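This report concerns only the one structure given below.
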Amino acid sequence: MKIYHGSLEVVKYPMILQPNRKLDYGEGFYTTTSEKQSEEWVERRMIEKHSECGYVNIYEFDETKLSELKSLIFTEPSKEWAEFVMANRTRKGFTHDYDIVYGPVANDKVYLQFGLYESGAISVETLIRELKTYKLVDQYLFHTERALRTLNFIEAIRIN
């Protein structure tokens, strides 16, 4: 299966990097099955960093290896997904031992709903119902070196 990673650089050899902010599934290497989502992310980063170009890095992901890895899969927003995302984004020192995590992206548009949930303004049931009204793209987090070995770099498409 092809998956995509947006970056300001060509990333032939993915690495686990410490993020400078809290992310949905914790630290690791993030990808998506949506080339469009990856390209939009690159375009936002180019504006933020005043960069002339960026890249959509394309990888072949060997899905058959999922059974050999410790994986956490969320097929849609759920209470467990919301709690996992909230733990990663808000609990200091929170970490997990999954090799790969897959599920919906809690992007900036839907994170407002998470804020309402965190403050107690809405219930988790309301949160899930609201999130299901959005067309959420997916993301794969490769959290360990072992998981990264399931990726093979194909090419990088330059975005101007």
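Bear in mind these aren't lab numbers, they're just calculated from the coordinates by the rules spelled out. None of these values were measured; they are calculated from a predicted model. Cβ coordinates were reconstructed from backbone atoms using ideal geometry, including for glycine residues, and neighbour counts include every protein chain displayed.
What to note about this one:
- Only helices enter this figure: runs of n ≥ 4 DSSP H residues, each worth -39500 (n - 2.57), summed and divided by the residues of the chain, yield -9000 deg cm²/dmol at 222 nm to the nearest 500.
- Axis of helix 35-49 versus longest Cα principal axis of the chain: the two differ by about 90°, to the nearest ten degrees.
- The distance from the alpha carbon centre of segment 102-160 to that of segment 1-64 is 13 Å, rounded to a whole number.
- Under DSSP loop assignment and at most 13 Cβ neighbours within 10 Å, longest GluC sites (Glu not before Pro)-free interval of the chain: 53-160
- Look at the dipole of the chain built from charges on Cβ: of Leu8, Thr64, Thr150, the Cα furthest out on the positive end belongs to Leu8.
- Counted by neighbouring Cβ atoms within 10 Å, the residues His143, His96, His5, His50 run from fewest to most as His50, His96, His5, His143.
- Restricting segment 26-77 to trypsin sites (Lys or Arg not before Pro) that sit in a DSSP loop and have at most 15 other Cβ atoms within 10 Å of their own Cβ leaves Lys70.
- The trypsin sites (Lys or Arg not before Pro) of segment 88-143 that DSSP puts in a loop, and whose beta carbon has at most 16 other beta carbons within 10 Å, are Arg91, Lys92, Lys132, Lys135.
- Volume of the convex hull of segment 54-137 (Cα atoms only), normalised per residue: 132 Å³.
- One decimal place: the segment Arg44-Ile157 gains 39.1 nm when fully extended, by the rule 0.36 nm per residue minus the C-alpha distance.
- Size descriptor for the chain, Kirkwood hydrodynamic radius: 16.4 Å (Cα pairs only, one decimal).
- A simple spin-label model places pseudo-atoms 7 Å from Cα toward Cβ; at Lys92 and Ser51 they are separated by 3.1 nm.
- Pairs of Lys residues in the chain are counted when their Cα atoms are under 18 angstrom apart and they lie 8 or more places apart or on different chains; the count is 11.
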